[in-house]
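Colleague: Mind looking over this structure? Questions follow.
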Amino acid sequence: VRKIRVLLQGLSPMMSDLLAHLINHQADMEVVALVPGRAEALVAVKLLEADVVILPDSSEMPGTCDVLLGQFPDLLVLALTQQGQSGFLYRRTITTDMVTAPPVENILKTIRIAEDRFRLAP
Amino acid sequence: LIRLRPAPEENLVATLVRVFLVNSSPFFGDALRQALHGQEALTLVGSGDGIDDLDAQLQAGAVDVVLVQTGGRAAELVAQVRQQHPAASIVMLGLEDDEEDIVRAVEAGASGYVSENAPLVELVHTIGAVMRGEARCSPRVTAAVFRRVWQLGQAGASPSADLSPLSTREQEVLELMARGLANKEIARRLGIRLNTVKNHVHNILDKLQVHHRRAAARYATATGNLRGQAAVPS
């Protein structure tokens, strides 16, 4: 069974470790790479066939989001605030959603949106 | 380019350390609890915004280390925990790397600092160090703390300056208190009346802003105010 492939970009080591732990403990998803910046993310999404990119909600984020979604229209981009209290989900075809508490469940639920896409794909 | 980090599974602390997280976001608390789950070094026994739950758990002896996230009223929370539970071990967790904030927390009584820019395993190392009576923090934070100590030195503060509000007689009383002597015995030794000793003790607690004599004694020992006399362990 194909798991949802998640890429973490530009998050602090502590946050990356916590998210990687959380995601890798789920049966249906896995972290495929941790990358520092946008350029590496573009290469890694293609190379590792990532379904979801999680990045910090910073000033660079909207630009990164445009570039990623421009090249990979099926990708989900999840931008988290500093402490992960909330975040934004970016999709090519649908508008932006606000992700709210309780955060851990919500982040996992949001990542699972990606699964519906490749399950439904012909 | 692409770096995969293994989950920190190594057992780095000898016994299970019970950690309580305060000043934290729900996500961080949940994620940390899950990350530490099933691992034998640390367990997260509670987390929250304030210290109401923590207070009861510390009272019951159910918490070994208090983990305080930086930001907001972090230093205030550290001071509050330290004052009410002088023996508590406090570790700062920096989601925002503000040196001022960290130094303030150290002044308030924090024993260690872990940055968000460190991997999760560093948190385990730092808590292990604090449990062994060591302090562990990044070289940058160490430099900030050194600078602060230097500033205090320049300002003419001595290591026991915190006790300067105490009169000579009060310092004598505190010294005997720290050695575990009862008021009656202190009165006999100093050749003063019992009521006078009680007044001194009251004033000492007031000036040090602590609630009981054991806390005052611990404070005196910690600040080296015992003039060469070894404190009798209580």
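Please treat every number below as a calculation from the coordinates, not as lab data. Quick caveat, the model's predicted, so the values are computed rather than measured.
Colleague: Starting from the amide H of B:Val17, placed 1.01 Å from N in the peptide plane, find each other amide H under 5 Å away whose residue is 5 or more places distant or on another chain.
Modeller: Here B:Leu42, B:Thr43 satisfy the definition.
Colleague: For B:Lys198, go through the lysines and keep the ones whose alpha-carbon is under 24 Å away, minus same-chain ones fewer than eight residues off.
Modeller: B:Lys184, B:Lys207
Colleague: Would region B:76-215 count as rounded, prolate or oblate if I go by the C-alpha gyration tensor, calling it rounded below 1.5 in a/c and otherwise prolate when a/b exceeds b/c, oblate otherwise?
Modeller: Judged from the Cα gyration tensor, region B:76-215 comes out prolate (a/c at least 1.5, a/b above b/c).
Colleague: Need one word for region B:122-201: rounded, prolate or oblate. Basis is the Cα gyration tensor (sqrt eigenvalues a ≥ b ≥ c); a/c below 1.5 gives rounded, then a/b vs b/c decides.
Modeller: Oblate, since a/c reaches 1.5 and b/c is not below a/b.
Colleague: Check the straight Cα-Cα distances from A:Lys3 and name the lysines below 27 Å, setting aside those fewer than 8 residues away within the same chain.
Modeller: Answer for A:Lys3, where 27 Å is the Cα cut-off: A:Lys46, A:Lys109, listed by chain and number.
Colleague: Can you give me the long-range amide H partners of B:Leu67? Hydrogens built in the peptide plane at 1.01 Å from N, cutoff under 5 Å, separation of 5 or more residues or another chain.
Modeller: Hits under the 5 Å cutoff: B:Phe20, B:Leu21, B:Val22, B:Val91.
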